[in-house]
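Presented below is the structure to which this report refers.
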Amino acid sequence: MTKNFYSSGLLVPADYFYLNVAKWIAIIILLITASGWRPRITGILHWWIAFSLQTSAVTLDGGEQVAQVLTFLMIPITLTDPRKWHWESIKKYDHSIKALHARVVALVCFGCIRFQVSIIYFHAAVAKYFREEWIDGTALYYYLSDPMLGLPNFIKKFADPILTSPLVAFFTWGTTVLELFLFLGLFAKDKWKKPLLISGFILHGLIAIMLGLISFAIIMFAALILYLTHIPHVNFSIL
């Protein structure tokens, strides 16, 4: 085969052996990224792999697109991180103008990430109001009863009494309400962010268990952490 696997950035032939090599290179890079070594380097590589997966994978569940966007928005944050390891704490702040500009860039990107995640939940909630099954409260029954995409058989037998009762409307509408609350987390005070974070984890955890969207859940866990956890202290005393 002469066709190249351009989306991986490795320019390897579109052959199983070479694609498998590319996969293991990506895994190694991601492990190094997770280790926290040299954020300025690994931040860019992290986005490169997320972009490659989004543009080349055959089966996608939506989480890959979220990962691609968020890792891209994190590049300026990692490029302005002076640490050798991202687990290190900054004991003394640099008060130079250059360092101040770097902190402003990082804060702006954090803001963009939070805005992006809030829009994900806003769109997820509002879009449901244009579907009749979400308005009448029966959407979960149809989705979870689907023979191909719905609940596994060992879970379905326990869920059927709820799915076939009026309670299904409560859980259907509750999903939309929770997504709206997660959107409002953008404006919430710090005391409300932890309950929202836990609620978001429960929501995506249940989706992973019931629909098998495990990679999507993991990506959204990371998005929620960026969205609802406290931004590391930034010293603006030189302003």
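The values are calculated or read from the model by the stated rules, or taken from the named source; none is laboratory data. All values derive from a computational prediction rather than experimental measurement. Because the Cβ atoms are built from the backbone with ideal geometry, glycine has one as well, and the counts that use them run over all protein chains shown. Calculation scope for accessible area: heavy atoms of the full protein, side chains included, ligands and nucleic acids excluded. Shrake-Rupley method; radii C 1.70, N 1.55, O 1.52, S 1.80 Å.
The table below lists the values:
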| item | result |
| --- | --- |
| C-alpha long axis of helix 39-56 to longest principal axis of the chain, angle in ° | 40 |
| Surface accessible to a 1.4 Å probe, per residue, for the residues of the chain, Å² | 63 |
| Nearest-ten-degree value, helix 214-228 long axis tilted from longest Cα axis of the chain | 60 |
| Rounded, prolate or oblate (a/c below 1.5 giving rounded, otherwise prolate when a/b exceeds b/c) for segment 58-104 by Cα gyration tensor | prolate |
| Dipole magnitude (debye, nearest 20) for segment 65-220, charges at Cβ of Lys, Arg, Asp, Glu | 840 |
| Under 27 Å from residue 92, Cα to Cα: lysines that are on another chain or at least 8 residues apart | 84 |
| Whole-percent carbon and sulfur share, accessible surface of the chain, 1.4 Å | 72 |
| Rounded to 10°, Cα long-axis angle of helix 16-35 versus longest principal axis of the chain | 70 |
| Lys/Arg +1, Asp/Glu -1 at C-beta; the chain dipole; positive extreme among 223, 180, 36 | 36 |
| Lysine pairs with alpha-carbon atoms under 27 Å apart, segment 93-231, spacing 8 or more or separate chains | 5 |
| For the chain: rounded, prolate or oblate by the Cα gyration tensor [a/c cutoff 1.5] | oblate |
| Prolate/oblate/rounded call for segment 46-181, Cα gyration tensor, a/c under 1.5 rounded | prolate |
| Selected from 126, 58, 21 as most flexible by GNM, with the chain as the system and alpha-carbon contacts under 10 Å | 58 |
| Relative contact order %, the chain, counting alpha carbon pairs below 8 Å whose residues are six or more apart | 18 |
| Charge tally in the Cβ shell below 10 Å around residue 38, where Lys, Arg are +1 and Asp, Glu are -1, residue 38 excluded | +2 |
